[in-house]
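Remarks on the structure that follows.
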């Protein structure tokens, strides 16, 4: 490559590198540093692991994290189960306009603000809302039903928000599977189930893994949906972080919580990759 | 196609259609219905356009909407300007592992919870934070600098969050541009600028448009970033909606606001498409 | 191949419609056991549709397909005694070679030991023993080709379908695989149905060839039949090279006829039983190798077509070298040079005399193709 | 093409390294003005690298490229007086045909009226007048081909580079375009540099052909030189078909020599000036069309190589039909059947006598390719 071209590439790369260092690493490093400080008086701090000790010794915190993680895994599994047939349909069966239209449908959640959407569901599902009235009218309930403020409502919200992030990698990997490979599977005596298990799923594995990672992390880190749709018992880990920062103004503990979220969730993702025998590299294909 | 296969497809399509009707249309229709109700007493409502009248006659509301829209357009433009060279680099110049790694970088914002990330910046940019101390130490400032709670901080947050949604469609369209078409542009006497203007950008237009729509709508509907990074004067339209629902418990007015957000932003997107001569169909290509 | 053997594959009045278009139009044919049957036609002629109907991926709009006498109507692809070698081979990239070949056997529920034994035997047979543990993308094009065939042949299908399997190979290898495929078919002694748009593939390998155009079979016959005795103008133009003139018939004398071409030449041809009368518009096809070159017109006395022209182009291609000769009417005629190397010294602008026997000029009613 | 004309393109000691691999190794050649020069070689031989260096997309590691005597070192692609027809044509899909052809002219800053005039003239020249307003994907493969050439030719380049432009076309069209490309080159009277892996394309079209392998030119010469007088075993094997034996030299008598093949045959060949001595290992190449068939051994008395064998396969392909003959050593020999149609009635298992003159057996030191 000639020298001027090289210069051009360096200029092109600059914003990327800036973005990378400034916006990703420094905030996290700084956050980690803050989390190591123990408040010993007004405006006075020592370096210690006190904040992490607090996290590990208070059962509520650990319990909330566990609950959040399990709910997120369930949400990821449900999203995968719904998204796989949809993606298969989009990638392999739908043609032309229908394909475009279906893909567009998956984009819709991003067209409407998450906040507005969540309020929409609150209106729909509240005690005096449409669904409750419908059930009353149909005689399926004898008093107004509250469908908000429970785990099921959170789950619906999480799955809906995450759909696109599962569909996009699945459609991408499924599209790269040659139709004739599937046909060969049938031609050589395979049934629908065995073709799915031996050919389609192994091929789509990278997409499944990357989709699951993103959906899991998005669910775990979601704040608006669990806060607004969830009840008092449905404490989400991000709510703990929020309350430390905003309500209690204890930024040091909040930073420790934030860092634990990042660390523990990475641990879970790493463990899942190990179990399924996938590597991050394979996932990026 | 044989009958049993057809049945299979219908079964596959069912979750999609359910998802479509239950989760997209009904909440919005219901929201619209709620927004048409005027509270005339405790638990008593009339159907009227009063809520919309309130929106149109109160300058603060309109002004906030306008501010939010302009800021979102600016954020979209900045995202496009940063994302285009990055995407070009990923799609056309980077090869193999580097390409995968760069793409992975764009996914990072989704790995860390938006909430935790925003707190990370708050720690970094606050008066007693790292940046402020660095400036003091370097003698560039003579007193601690507050970099939070202003429009610039909001902008950084919005651009960072939106990057992936601009990069993915751009990389997709740019990858579909044959390298030899670009080389032919040079070979026939084109300069870097003319190749970009006459060949690369026309080809990438669908990706640019779809990326811009998604980023614009995401910015407009964002709640956490503007609330936490913005100052008292940086009122975002979603904050108005939130306060109607949660603080004032005026769900009818909140629903009207939500509907206006959807309606006005769609109007803006439609107008932009008209101006640039693109259609949604072309965009989905 | 004696007629009293029941055909391995029999298609009767096979028709397939896609919406308004008729992809396959009332096609019937038999393929005798152990033979190599090719369907040759340009892209879009419907040959792929026929193959997909035989494999079971498409249902015929009407008509029936019988394999060893058993109707395939309503039988799904995974239950049919046919297997298919796909155009891009469609090996399973997520499995190694042994698992690829063993896939169909596992589906049949065979034991592990037996599968391993059969896979080894198949690898032996295609001349690639011991590659079972390799990955698909470690093989060369020709090796993949053979593995794709072995993957089907371990299932011992009644009919093997091949969908232009040589298209993805490079030139030299393609020449080689033509011979090898024919040898594999002899070794496995299975009925092959081969579809291609490359006439030389079909001519070299096949026992029987069906030339297909616009959804119908124009002619079914041996390679020699198609080449020397084409039934239709389409076959004459598609199989092998030919010089082609259009004109009007001025005289008919038994099988021989005389034509006045639109460019003004008077040519003699033969109708070989086709109905052509004086005054009809006709097309004449003459193969480049049917035309002889001579230095003097006297050497061509025994030919009833004789033309004098100038060489406009030398197309050297070893044994298949040709020249283009511009005739008095200004048209260019392609003439094959003798393999002996005679006339190799001709150069552009030289005057030459060319001639051919009227019997070599195949005449067809014009507008038939 | 007289030697006193300065070459249009001159490459001197051109070398290109990619990391440790030497893609182009010290290659020098001249292309005289107005000639059709082909670089022929298998994929990965370095021919594309040479072309990209001439176009300016790659810088040579060492050596120089001169066009009409001017060194191209440091000149970017958009300033070079060469244009390129890409393998997949690379027409601009976002523009119509007229804008595609006019693109280079607009870059030169010509006025609208003049561009329109030149575009119309170019469309006229390639035989497609009035299609300027059409979109790229409305054209057929052959039309796109011609538009891609016109898009370059309106800029009147000193040299036109063509990177396997026929590869994407289907078979029949490719045959036709070979002749047409040659005619276009004559019409535009521009120097063409053509790269291909298809020997028949190179042989038919080129004035000069360079056969390339592993980064070096094995031989540069006319089609006839390469075909009848290959310099190296690689050229003998790559250009045209050949039967090939390996063995040891048992006698040398001037140019003639006798070889004992590994399979046990005794063959006579010629060394054509190459250094070969008794006891050396050698390779003999004999073209299938150099071998004659006869019913009795007496008819082959005048040949110094005579073999009796049985026919194992008939490869019918019209004028290029061949048979495979198994010799006494068990090897198969490919023999072209005479175009006259003699011996067309041979069938599998027939005994035949074949023979060829020792002069037709090109001998090379073994292991050279």
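Return yes or no: is residue A:273 under 15 Å from the mean Cα position of the chain (by Cα), part of a helix (DSSP H, G or I) and within 14 Å of chain B (Cβ to nearest Cβ)? Here the answer is no, as residue A:273 does not meet what is asked. Being at pLDDT below 75 and either facing chain A (nearest Cβ under 7 Å) or within 14 Å of residue B:156 (Cα to Cα) (or both) is the filter here, so list the residues in the range B:64-101 that pass it. B:100, the sole residue that qualifies. Taking the condition buried (at least 19 other Cβ atoms within 10 Å of the Cβ) and within 13 Å of chain A (Cβ to nearest Cβ), does residue C:91 pass? Answer is yes for this residue. Scan the range C:117-130 for residues that are in contact with a helix residue (DSSP H, G or I) (Cβ under 8 Å, 6 or more places away or on another chain) and under 26 Å from residue C:77 (Cβ atoms) and the total you get is 6. Within the range B:201-220, the only residue that satisfies the criterion of being out of contact with any helix residue (DSSP H, G or I) (no Cβ under 6 Å at 6 or more places or on another chain) and crowded, with 21+ Cβ neighbours inside 10 Å is B:208. The listed residues are D:155, D:139, and the only one of them that is within 28 Å of residue D:202 (Cβ to Cβ) and more than 14 Å from chain B (Cβ to nearest Cβ) turns out to be D:139.
Every residue, every condition in (1) within 14 Å of another protein chain (Cβ to nearest Cβ); (2) modelled with pLDDT under 90, yes or no:
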site: D:287; (1), (2): yes, no
site: D:295; (1), (2): no, yes
site: D:298; (1), (2): no, yes
site: D:311; (1), (2): yes, no
site: D:317; (1), (2): yes, yes
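Got at least one residue in the range D:72-86 being modelled with pLDDT under 90, more than 23 Å from residue D:13 (Cβ to Cβ), within 8 Å of chain B (Cβ to nearest Cβ) and touching a strand residue (DSSP E or B) at 6+ places or on another chain (Cβ under 6 Å)? For the range D:72-86, residues modelled with pLDDT under 90, more than 23 Å from residue D:13 (Cβ to Cβ), within 8 Å of chain B (Cβ to nearest Cβ) and touching a strand residue (DSSP E or B) at 6+ places or on another chain (Cβ under 6 Å): absent. Considering only residues that are surrounded by fewer than 24 Cβ atoms within 10 Å (Cβ to Cβ) and over 26 Å from residue B:53 (Cβ atoms), look in the range B:227-253 and name the one that is farthest from the other protein chains (Cβ to nearest Cβ). Among residues in the range B:227-253 that are surrounded by fewer than 24 Cβ atoms within 10 Å (Cβ to Cβ) and over 26 Å from residue B:53 (Cβ atoms), the one farthest from the other protein chains (Cβ to nearest Cβ) is B:233. Take the conditions (1) over 19 Å from residue B:230 (Cβ atoms); (2) at pLDDT 80 or above; residue B:116 misses just one of them, which is (1). Condition check for residue C:170 on (1) within 14 Å of chain D (Cβ to nearest Cβ); (2) over 17 Å from the mean Cα position of the chain (by Cα); (3) farther than 27 Å from residue C:44 by Cα: one failure, at (3). On inspection, residue C:239 fails the criterion of being free of Cβ contacts under 8 Å to residues at least 60 places away in the same chain and under 22 Å from residue C:36 (Cα atoms). Among the numbered conditions (1) in contact with a strand residue (DSSP E or B) (Cβ under 7 Å, 6 or more places away or on another chain); (2) within 14 Å of another protein chain (Cβ to nearest Cβ), the only one that residue D:338 does not meet is (1). Taken as a whole, the range D:291-298 holds at least one residue that is in contact with a strand residue (DSSP E or B) (Cβ under 8 Å, 6 or more places away or on another chain) and farther than 28 Å from residue C:222 by Cα.
Screening the range C:152-253 for helices (runs of 4 or more DSSP H) wholly inside it with 1 or more residues that are modelled with pLDDT of 90 or more returns the ranges C:199-205, C:223-228, C:233-238.
When the range C:43-69 is filtered for residues that are in contact with a helix residue (DSSP H, G or I) (Cβ under 7 Å, 6 or more places away or on another chain) and touching a residue at least 24 places away in the same chain (Cβ under 8 Å), the ones remaining, listed by number, are C:55, C:56, C:58, C:60, C:65.
Scanning the range A:96-118 for residues that are on the phi > 0 side of the Ramachandran plot and touching a residue at least 24 places away in the same chain (Cβ under 8 Å) gives no hits. Is it the case that residue B:107 is at pLDDT below 80 and within 17 Å of the chain's Cα centre (by Cα)? Taking the combined requirement at face value, the residue satisfies it. The residues of the range C:187-203 that are within 9 Å of another protein chain (Cβ to nearest Cβ), surrounded by fewer than 24 Cβ atoms within 10 Å (Cβ to Cβ) and touching a strand residue (DSSP E or B) at 6+ places or on another chain (Cβ under 9 Å), listed by number, are C:197, C:198. Residue count for the range C:260-274, restricted to those that are within 23 Å of residue C:240 (Cα to Cα), out of contact with any helix residue (DSSP H, G or I) (no Cβ under 7 Å at 6 or more places or on another chain) and in a strand (DSSP E or B): 2.
The values are calculated or read from the model by the stated rules, or taken from the named source; none is laboratory data. Every value quoted in this text rests on a predicted model; they were computed, and no experiment measured them. Backbone-built Cβ (ideal geometry, glycine too); neighbour counts: all protein chains shown.
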